[in-house]
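The values are calculated or read from the model by the stated rules, or taken from the named source; none is laboratory data. These numbers were taken from a predicted model, which means no experiment stands behind them. Cβ sites come from the backbone with ideal geometry, for glycine too, and all protein chains shown count toward neighbours.
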Amino acid sequence: MYEAEQQAQSSRPCPCADLGRTRPSMDDIPGTRRAEAVIRDELVAEQLVLVGGRQLHPNLYRILRCGPVPGSDLSVYGARRITAELHDRGEVITEKTVAKIMRSLGIVGISPRTFKIRTTVVDSFPDDLVQRRFDQGHVDAVWTSDITYLTCGEGYMYLCAIKDEHSKKALGWAIADHMRTELVLEALDMGVAGRGGDVAGTIMHSDRGSQYTAEIIKEACERYGLRRSMGETGICWDNAGAESLWSTFKHEYYYRHTFAYRTELVAAVDNWMNFYNTRRRHSTTGMLSPHSYEQSLNAPIMAA
């Protein structure tokens, strides 16, 4: 008797056969959340409505059945705004569900183009004449410049330097409690004066900082005959020559000392720059200091 009942039950058609399932599950119990979710998902595949050339789930169609909002087209809405529209019309549905339905249908809201902040100015920049070839075989071929910040007990200070990329000599520098264009101009004037004013044709390379793009620096370079050159914005390697001077200064001296007063820091920078030029040896110059190396270049001329 028991075996007969079991056989009869096993031969009874499954109520879910129409849904393509082989056996019942919790998804088939009416009124459960899982059952409602299944029904909703099945409607995605089985009941599509074409509105404005786009396929929409019937749940989403409800917000469009009265036509578009005056001056707007709801078919461009994303999940957040469509959910808000549904809520305003009394529908109970979550943004997550709306997003899931839209994603399954390949519906994407229309967004304005993303605005990308550009760290540039309107005027075009000078070309990069260096292309990271900082040492071009002779002095006054390429100068590099940069600004770095320092600290002391009285606050921040800013240091600008001009460096010859062949001899590695610091030609000019200026330090102040501001980083206005005048800081660069002071260092540049010192560098030009140190070369006796004969610098026409020398490349003056820097980053695209506002101090270097300023009209006053442009005019100074034109007056001295310097050829302006700038690397790409945000690419530190394009000004690695100038950065190497800061690395040497900070690791070999600055980080090993503390300074209470601005005057103390200014004096320390001047002393170190003089040490760097006259005594600090470089492997790229045959272990000579920048000053000694430049003297060695002039020695054959003087002997002749």
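Does Ala268 satisfy the criteria of being without any contact (Cβ under 8 Å) to a residue 24 or more places away in the chain and surrounded by fewer than 19 Cβ atoms within 10 Å (Cβ to Cβ)?
yes
Being farther than 23 Å from Leu297 by Cβ, surrounded by 15 or more Cβ atoms within 10 Å (Cβ to Cβ), assigned by TED's automatic domain parsing to the domain that holds Arg279 and not aromatic (Phe, Trp, Tyr) narrows it down to one residue among Thr181, Thr151; which is it? Step through it out loud before you land on a result.
Numbers: Thr151 fails: surrounded by 15 or more Cβ atoms within 10 Å (Cβ to Cβ).
From the options Thr181, Thr151, the qualifying one is Thr181.
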